[in-house]
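Undergrad: Take a look at the following structure, please.
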Amino acid sequence: QGTKVNDESPMRNLGGSIHMLERCTSLVTQRARCIGRRQWRGYHDSVGSLQKPRVLFEAADWMVVDKPSMWHSTRKVRAGAEVGAADASEGESRNLEDWLQEHYPDLKNVRDGGLANRLDLVTSGCVVVAKTQEAVEEMLARVQSGRIFKTYWAILEGEVEADGSFELHFYSRYNRSKKISVTEKRGPRGKLGRCSWKRLQTLSAPSFLAYTRAPVLSAVEVDLVGGGQRHQIRAGFAFLGHPIVGDTLYGGLEWSQEGIALHSKRVSVEGVELSSPTPARMEWAFRAF
């Protein structure tokens, strides 16, 4: 006679254990995928994210501050001027000027709060700050003449040349326009903007991007030549057919809402070169550099 298997038999218990193990494995796999998506789509869960400004270097009359993305540079922001990342909040009130004056009250008496250069809301990295009125006049003159050297890291759509440069003309379309228009020939309102770049590496387009038109991306290092113009790197590369990843204002691929793939990596002031740590949202493209 065959052996009857009841609810208490070892065979029954074994089957139940296998089912439970398979279910737990499935839940762990789903959890891992969820964590992976969070790490790429929003860098708050990643190591190295910067939530508040920090001073990178301080001299007697100037300093360099690391600005996070999604912080305005100044208290007064032209409507829509710095929007670019998908769903970026135009009502965001956090700004570097207020933060500086909270920690350095004397900056309330300095022109532009001491800011010698500014970064867009959706851009992060090095900002030069003068601590006295005399220093800010000198630093502004140095920025405009190109005597303060600024280097950016960016992730571009498509494969750009290994080394290149552009010399383009930039102008606002109309008063309070969000975008900057670009032409090769100078118009009556155009301002010259120049930069050079070096491609550090090409990357296969990762799966976490919402939509991918090109099979590859380019991680580049960009040097501004001269003082620079508003949205020069953003609008310039978009004009060349290689918009910055995340910069939907200029046709870039949509990704994390925590800024675009543009970071002010280094500045050189009075012979002192200072570097901002790579933000977590861009680490995957620049880990080897």
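Undergrad: Condition test on G226, is it more than 26 Å from I148 (Cβ to Cβ) and surrounded by fewer than 22 Cβ atoms within 10 Å (Cβ to Cβ)?
TA: Criteria not met by G226.
Undergrad: Please find, among A130, A162, the residue that is loosely packed, with under 14 Cβ neighbours inside 10 Å and among the hydrophobic types (A, V, I, L, M, F, W, C).
TA: A162
Undergrad: Residues that are within 15 Å of S69 (Cβ to Cβ): which strands (runs of 3 or more DSSP E) entirely in the range 216-289 hold 2 or more of them?
TA: 262-269
Undergrad: Here is a check on your reading of the model: is K198 touching a residue at least 24 places away in the same chain (Cβ under 8 Å) and either buried (at least 22 other Cβ atoms within 10 Å of the Cβ) or assigned to a loop (DSSP other than H, G, I, E, B) (or both)?
TA: Answer is no for this residue.
Undergrad: Here is a follow-up. Considering the range 53-68 alone, what residues qualify as being open to solvent by less than 60 Å² (accessible area, probe 1.4 Å), of a type in the set (A, V, I, L, M, F, W, C) and outside any strand (DSSP E or B)?
TA: If the condition is that a residue be open to solvent by less than 60 Å² (accessible area, probe 1.4 Å), of a type in the set (A, V, I, L, M, F, W, C) and outside any strand (DSSP E or B), then A59 is the only one that fits.
Undergrad: Have a look at S181, S207 and point out the one that is assigned to a strand (DSSP E or B) and over 15 Å from G158 (Cβ atoms).
TA: Just a single option satisfies the conditions, and that option is S181.
Undergrad: Another question, if that's okay. Taking E157 as the residue in question, decide whether it is farther than 25 Å from W71 by Cβ, open to solvent by 70 Å² or more (accessible area, probe 1.4 Å) and not β-branched (V, I, T).
TA: no
Undergrad: Ok, one more. Kindly indicate whether any position in the range 151-161 is small (G, A, S), closer than 19 Å to A235 by Cβ, within 19 Å of the chain's Cα centre (by Cα) and outside any loop (DSSP other than H, G, I, E, B).
TA: Within the range 151-161, one or more residues are small (G, A, S), closer than 19 Å to A235 by Cβ, within 19 Å of the chain's Cα centre (by Cα) and outside any loop (DSSP other than H, G, I, E, B).
Undergrad: Of the conditions (1) open to solvent by 30 Å² or more (accessible area, probe 1.4 Å); (2) closer than 19 Å to L217 by Cα, E270 satisfies every one except a single condition; which number is it?
TA: Evaluating E270 over (1) open to solvent by 30 Å² or more (accessible area, probe 1.4 Å); (2) closer than 19 Å to L217 by Cα leaves (2) as the failure.
Undergrad: Can you pull out every residue in the range 224-274 that is over 16 Å from the mean Cα position of the chain (by Cα) and among the acidic types (D, E)?
TA: E270, E273
Undergrad: Only one of L203, L262, L253 is in contact with a helix residue (DSSP H, G or I) (Cβ under 7 Å, 6 or more places away or on another chain), buried (at least 22 other Cβ atoms within 10 Å of the Cβ) and aliphatic (A, V, I, L, M); which?
TA: L262
Residues checked against (1) surrounded by fewer than 17 Cβ atoms within 10 Å (Cβ to Cβ); (2) out of contact with any His (no Cβ under 9 Å at 6 or more places or on another chain); (3) not hydrophobic (A, V, I, L, M, F, W, C):
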site	(1), (2), (3)
G146	yes, yes, yes
W153	no, no, no
F170	no, no, no
T183	yes, no, yes
R186	yes, no, yes
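The values are calculated or read from the model by the stated rules, or taken from the named source; none is laboratory data. As the structure is a computational prediction, the values presented were derived from the model and not from experiment. Reconstructed Cβ throughout: ideal geometry from the backbone, glycine too, with neighbour counts over all protein chains shown. In case anyone asks, the SASA skips ligands and DNA or RNA and just uses the protein heavy atoms, side chains included. Shrake-Rupley method; radii C 1.70, N 1.55, O 1.52, S 1.80 Å.
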